[in-house]
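The structure appears below as structure tokens.
The values are calculated or read from the model by the stated rules, or taken from the named source; none is laboratory data. Since we're looking at a predicted model, the values are computed, not measured. Note that we place each Cβ from the backbone using ideal geometry, even for glycine, and neighbour counts take in every protein chain shown. All accessible areas refer to the heavy atoms of the entire protein, side chains included, with ligands and DNA or RNA removed. Shrake-Rupley method; radii C 1.70, N 1.55, O 1.52, S 1.80 Å.
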Amino acid sequence: MKEVFFFCFLCFGILSKGQSPYSTSEDTITALLKITFPEGLNFVHHEYKEASTTGQLSYQFFSPEISILKDTLFVSYIQVIKESDTQVSIERVDQIIPFSDIEEIETFTFTFGATDRFEPTLTYLGFWMKEGRESKVTTFGIPANLWNTGNYRLGDLEVLHTEHMYVARFPFMISEQKLHTLKNYFKTLQSN
């Protein structure tokens, strides 16, 4: 029971408007990103005109790793993309985000155009960079039937390709108030 109380107290402290004298901007950023990460939530793609969603594209996110060293944010996570009933892609997204290179931090809702959506809404925290473009996505493929059994090994994964992302992005679910708080922490770190 003491552990539950301590956890609730810790979460309240992290999310409260004020910052304790013992926490830092770095700790607050990493804590906010971790607790708002949509671990395992299934985001299903829909076209507005489609009645059925069977066999549709879906995204899931796992294993967030977040750290700040000196003046750089390091973020990585796994995204599992079920493209159809026959193919699953597993992508490891690694991002190195120097604070000095951040031009703008905004949220954006991910879609493929004006006629589609994800349920629930798929929102990313986007880091528009001045230069660098140090984000990297490595895509691994695995047949969906093997993925669905859960009986696969790392050797069953096949590297499909590696690409660099134009905008560093991190999936999250956060209120506008917490987003404002997060941006202020980033501004503080950028100015130091």
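Starting at the first residue of region 174-183, write each ³J(HN,Hα) from the Karplus equation 6.51 cos²θ - 1.76 cosθ + 1.60 with θ = phi - 60°, in whole Hz, x for Gly and Pro. Each residue of region 174-183 in turn: 8, 6, 4, 4, 5, 4, 4, 4, 4, 4 Hz.
Net length available on complete extension from Ile35 to Phe62 is 8.5 nm, with 0.36 nm assigned per residue and the Cα-Cα distance removed.
Could you tell me whether region 44-192 comes out rounded, prolate or oblate from its Cα gyration tensor? Rule is a ≥ b ≥ c as square roots of the eigenvalues, rounded for a/c under 1.5, then prolate if a/b exceeds b/c, otherwise oblate. Judged from the Cα gyration tensor, region 44-192 comes out oblate (a/c at least 1.5, b/c at or above a/b).
With the cut-off at under 13 Å, measuring from each backbone N in region 83-114 to a point 7 Å along the Cα-to-Cβ line of Lys130 picks out 98-104. Evaluated over region 21-191, the count of Lys pairs having alpha-carbon atoms less than 29 Å apart is 21 (only pairs 8 or more residues apart or interchain). Can you give me the relative contact order of region 21-191 as a percent, contacts being Cα pairs under 8 Å and 6 or more apart? Relative contact order here is 23 percent. Taking every protein chain into account, the accessible area of region 21-191 amounts to 53 square angstrom per residue (probe 1.4 Å).
Which length gain, in nm to one decimal place, applies between Arg153 and Thr109 when the Cα-Cα distance is subtracted from 0.36 nm times their residue separation?
Separation in residues times 0.36 nm, less the Cα-Cα distance, equals 12.5 nm.
Charge tally around Ser67: other residues with Cβ under 13 Å, Lys/Arg +1 each, Asp/Glu -1 each, net -3.
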